[in-house]
Amino acid sequence: VLAKLGEVSRKLEQLLAGQDVTLADIQLPQERDPGETPLERLRAFKALLQRVLEELRRGEVRTCERCGGAIPDPALDETPWVSACGRC
């Protein structure tokens with residue numbers, strides 16, 4: 001999970017710095033403000049990644065924002081920033 005977060009964070013940093021980066025393999029969160037620009041969306045995603053990384057460093061378990069249940073490990077392995085358990 002930490003490796004995946006690191007990889008995605010590095011790609012976002014490169015993109016925000018104006019470098020050409022392929023994000024095709026990164027699944028961005030679906031929930032977003034329809035009025036935000038692509039750059040604002042990437043900055044919000046970067047902030048989300050930083051928050052998730054801090055939670056993991058503190059040893060916090062990622063839980064579903066809807067039901068409060070644990071998010072399954074396979075989902076976290078694929079997209080560590082996921083906010084729903086998959087059942088909701």
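Observations, loosely collected:
- When restricted to residues that are touching a helix residue (DSSP H, G or I) at 6+ places or on another chain (Cβ under 8 Å) and among the charged types (D, E, K, R), segment 1-12 contains 1.
- Figure legend. Inter-residue proximity from segment 33-53: first residues open to solvent by 50 Å² or more (accessible area, probe 1.4 Å), second residues of a type in the set (A, V, I, L, M), beta-carbon distance below 6 Å, spacing 6+ or different chains. Indicated pairs: K46/L12.
- All positions within segment 54-67 that are open to solvent by less than 50 Å² (accessible area, probe 1.4 Å) and free of Cβ contacts under 8 Å to residues at least 24 places away in the same chain: E55, R62
- Of all residues in segment 71-83, those satisfying the criterion of being surrounded by 13 or more Cβ atoms within 10 Å (Cβ to Cβ) and more than 14 Å from L49 (Cα to Cα) are I71, P72, A75.
The values are calculated or read from the model by the stated rules, or taken from the named source; none is laboratory data. As the structure is a computational prediction, the values presented were derived from the model and not from experiment. Every residue, glycine among them, receives a Cβ derived from its backbone with ideal geometry; neighbour counts consider all protein chains shown. Heads up: the accessible areas ignore ligands, DNA and RNA and are worked out on the full protein's heavy atoms, side chains in. Shrake-Rupley method; radii C 1.70, N 1.55, O 1.52, S 1.80 Å.
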